[in-house]
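The values are calculated or read from the model by the stated rules, or taken from the named source; none is laboratory data. All figures in this text were calculated on a predicted structure; none of them were measured in a lab. Don't worry about glycine lacking a Cβ; one is built from the backbone with ideal geometry, like all the others, and counts go over all protein chains shown.
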Amino acid sequence: MLHKISTGVVTKSPDTVRSYLLLMRLDRPTGYVLYLLPGLWAVALAPGQRPGPLTVVAVALAAVLVRGAACAVNDVVDREVDARVARTVSRPVASGAIGVGNALLFAAAQGVAALLVLAVANRETALVVAASYPLIVAYPYMKRVFFWPSAFLALVMSVYVLIGWTAVTGSVDYPLAVYGLYAGGAFWTLIHDAIYSHQDKEYDRNIGVKSSALLFGEATKAWLAVFIALSVGGVVWAGAQTSIGWAFYPVVAVAGAYLSALLVRVDLDDPKACWDAFVANTYFGWIVLAAVIAGRLT
């Protein structure tokens, strides 16, 4: 449903607007959902009163904007590589639909807008996301110099745990539970980004770009099985650091079982199967969110 709504907005937009919506990947909501969900875990787990609707909306909208800014920066840095890969050749910067200068201005505008949106929750939250911007800008270069760029991406993506927690509590003095969620989100990112990278592994090999798919090769599923255990373990440990109710644990177990089944089924040599598994990863995040909510209610 979310995909249909996002695609509909992009499709019905004027041509000039549509290029910018495509630049921020509004037609592909999976990316911002994967970024947002660990933040929502933290929102739901944070102590005190239940978060108000305005806080939740601010956290969600900011995730779309920050991810949009990251995509714009990524496309500027990767424009020459994207032009050589069938899946990305039509991206606005690679195709010439949007110039480099305009793409960077659009990225900056989204970054500033995200700060203003998060300031609705509190100033501390805006400062936390601002501190993550240098990491976001650095990520596109990692695949050129770092043997495992997904590890850097995992650190960046999981910052949204801190943002979600700070939006509710107004504090940057994070307890152990936050670090458990951060680890759970980071290892989850290693999983879905590795699956995603298998779509382009032949192009990456020919171009010389580094990725999890090339790093792990035939051992990818074995590594991802370990990451599933560590991701679920991080989430369980986070819950154990709080007074969460019993219902949290069986639902997290369901999330782990779901992700394990997804890993078993996916054909890493089939780009479409990799994309479908990447999209299906969102269900793991939603189940974990349901676990936290269930635990808070029991």
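Taking the condition of being surrounded by 17 or more Cβ atoms within 10 Å (Cβ to Cβ) and outside any loop (DSSP other than H, G, I, E, B), how many residues in the range 259-270 meet it?
The number of residues fulfilling the criteria is 3.
Which one of these is modelled with pLDDT under 95, out of contact with any Asp or Glu (no Cβ under 7 Å at 6 or more places or on another chain) and among the small types (G, A, S): G52, G68?
When all the criteria are applied, what remains is G52.
For residues that are among the β-branched types (V, I, T) and in contact (Cβ under 8 Å) with a residue 60 or more places away in the chain, scanning just the range 275-298, find the one that is farthest from F187 (Cα to Cα).
The extreme case among them is I293.
I'd like the full set of residues that are within 24 Å of T55 (Cβ to Cβ) and polar (S, T, N, Q), limited to the range 100-155.
Once the filter is applied, which keeps residues that are within 24 Å of T55 (Cβ to Cβ) and polar (S, T, N, Q), the range 100-155 yields Q110, N122, T125, S132.
Surrounded by 14 or more Cβ atoms within 10 Å (Cβ to Cβ) and touching a Lys or Arg at 6+ places or on another chain (Cβ under 9 Å): is that true of R67 in this structure?
yes
Condition check: part of a helix (DSSP H, G or I) and within 20 Å of A97 (Cβ to Cβ). Does Y35 satisfy that?
No; evaluated as a whole, the condition is false for this residue.
Quick one: how many residues across the range 9-30 are exposed (fewer than 15 other Cβ atoms within 10 Å of the Cβ), of a type in the set (S, T, Y) and assigned to a loop (DSSP other than H, G, I, E, B)?
Total meeting the criteria: 0.
Out of all the residues in the range 205-239, which are in contact (Cβ under 8 Å) with a residue 12 or more places away in the chain, more than 22 Å from S260 (Cα to Cα) and either touching a strand residue (DSSP E or B) at 6+ places or on another chain (Cβ under 6 Å) or not in a loop (DSSP other than H, G, I, E, B) (or both)?
Of everything in the range 205-239, just one residue is in contact (Cβ under 8 Å) with a residue 12 or more places away in the chain, more than 22 Å from S260 (Cα to Cα) and either touching a strand residue (DSSP E or B) at 6+ places or on another chain (Cβ under 6 Å) or not in a loop (DSSP other than H, G, I, E, B) (or both), namely I207.
Residue check, R91 against (1) under 20 Å from the mean Cα position of the chain (by Cα); (2) surrounded by fewer than 20 Cβ atoms within 10 Å (Cβ to Cβ), all met but one. Which one?
(2)
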